[in-house]
Amino acid sequence: MSLSGYVSITRPVNSLAAGLAAIVAYLIATGTIIPETLLLFTAVALITAAGNVINDYFDVEIDRVNRPDRPIPSGKVTLPASRAFALTLFLAGMLVCLKTNALCIAIAVFNALLLIVYAARLKRTPLVGNIAVSYLAASMFLFGGALDGVPGISQVIPFAAMTFFAMLARELVKDAEDVEGDRASGAATLPILQGIPFTLRLAFFSALLGIAASLVPYLRWGLWYIGGIAIVDIILLAAALRVIRCTDPVQVKGSGASDLLKAGMFASLVVFTLSAIIL
């Protein structure tokens, strides 16, 4: 066991980015930042980290094939230790949430349960698992808006929708990448059941829906926003087009589409933040 293993198993960059998304959501919803947004950041980062750990706990056999360098299959973190670590992170995140409001607590509890169910069951359910993890990514915006109540949530719906569809596209691409390991572990993912070409066409359609949702805030922020989000949309479209003709996992991995989609999502967070501050 090693400290680096415990850090890497939480996917710290993803966890911190999720916490930042919640702060950005509150900024979008209200136009301001208050001290309580630090609670949002901390709660989301902890619960997201817990979800990443529990996901690796249940995915250990798949990761032995697809990701042997990850902390558990590489021996940096043991199975019992990862389970205890995930529980600790979940509890810490919930304790922080108790200082927010009822709506935030409800979303946090639902998401924590969904993270566990997803890792244990839904990840191996075709498309349903992909939809679950896409909702979880989008819910960071809902959680941030919820600190301002129902009016706050209504303000962030377009941003949650864009995140949902962009994440769904990436999830489908990742499933197409991981066909060999998933098949070896007995998982029945969409590309295994319906084929890689069908899955990538669905990913392309989902990316288009994400691009469409990203244009809605034009009604609020105008042409300056469109200029910024156009760069993000070009990245998403390029990723979707790059991978759509792939027919096997090696081609999908070689396309770099998954990384490009991830970059597009991070870029969208930057555009949302700057727009909320400047426009």
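The values are calculated or read from the model by the stated rules, or taken from the named source; none is laboratory data. It should be emphasised that the depicted structure is a prediction, and the values quoted were computed from it without experimental measurement. With ideal geometry, Cβ positions are generated from the backbone for all residues, glycine too; neighbour counts draw on all protein chains shown.
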Mind checking which residues of the stretch 159-181 are farther than 16 Å from residue 264 by Cα and touching a Ser or Thr at 6+ places or on another chain (Cβ under 8 Å)? 175, 176, 177, 178, 179
Of the residues that make up the stretch 264-277, is at least one crowded, with 18+ Cβ neighbours inside 10 Å and more than 20 Å from residue 25 (Cβ to Cβ)? no
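Conditions (1) acidic (Asp, Glu); (2) within 28 Å of residue 253 (Cβ to Cβ); (3) surrounded by 18 or more Cβ atoms within 10 Å (Cβ to Cβ), marked per residue:
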site	(1), (2), (3)
9	no, yes, yes
12	no, yes, no
33	no, no, no
49	no, yes, yes
54	no, yes, yes
60	no, yes, no
68	no, yes, no
78	no, no, no
92	no, no, no
Output yes when any residue across the stretch 56-69 is farther than 22 Å from residue 181 by Cβ and in a helix (DSSP H, G or I), and no when none is. no
Among the residues in the stretch 183-191, are any at pLDDT 90 or above and small (Gly, Ala, Ser)? no
Looking at 226, 211, 234, which is the one that is exposed (fewer than 14 other Cβ atoms within 10 Å of the Cβ), out of contact with any Ser or Thr (no Cβ under 9 Å at 6 or more places or on another chain) and over 22 Å from residue 126 (Cβ atoms)? 234
Within the stretch 112-127, track down each residue that is in a helix (DSSP H, G or I) and of a type in the set (Lys, Arg). 123, 124
In this structure, is residue 134 surrounded by 19 or more Cβ atoms within 10 Å (Cβ to Cβ), touching a Leu at 6+ places or on another chain (Cβ under 7 Å), without any contact (Cβ under 8 Å) to a residue 40 or more places away in the chain and of a type outside the set (Asp, Glu)? yes
Quick one: count up the residues across the stretch 219-256 that are part of a helix (DSSP H, G or I), touching a residue at least 40 places away in the same chain (Cβ under 8 Å), out of contact with any Leu (no Cβ under 7 Å at 6 or more places or on another chain) and more than 27 Å from residue 157 (Cβ to Cβ). 3
Flagged in the stretch 19-44 as more than 18 Å from residue 103 (Cα to Cα) and part of a helix (DSSP H, G or I), in numbering order, are 20
Can you go through 219, 208, 223 and tell me which one is closer than 18 Å to residue 168 by Cα and of a type outside the set (Lys, Arg)? 208
Of the residues 191, 151, only one is part of a helix (DSSP H, G or I) and under 17 Å from residue 250 (Cα atoms); which? 191
For residue 96, state whether it is surrounded by 19 or more Cβ atoms within 10 Å (Cβ to Cβ) and assigned to a helix (DSSP H, G or I). yes
Cβ-Cβ distance below 6 Å, separation of 6 or more or different chains: which pairs start in the stretch 88-105 with a residue that is on the phi > 0 side of the Ramachandran plot and end on one that is among the hydroxyl-bearing types (Ser, Thr, Tyr) and surrounded by fewer than 14 Cβ atoms within 10 Å (Cβ to Cβ)? none
When you check residue 28 against the structure, is it modelled with pLDDT of 90 or more, aliphatic (A, V, I, L, M) and more than 19 Å from residue 263 (Cα to Cα), yes or no? yes
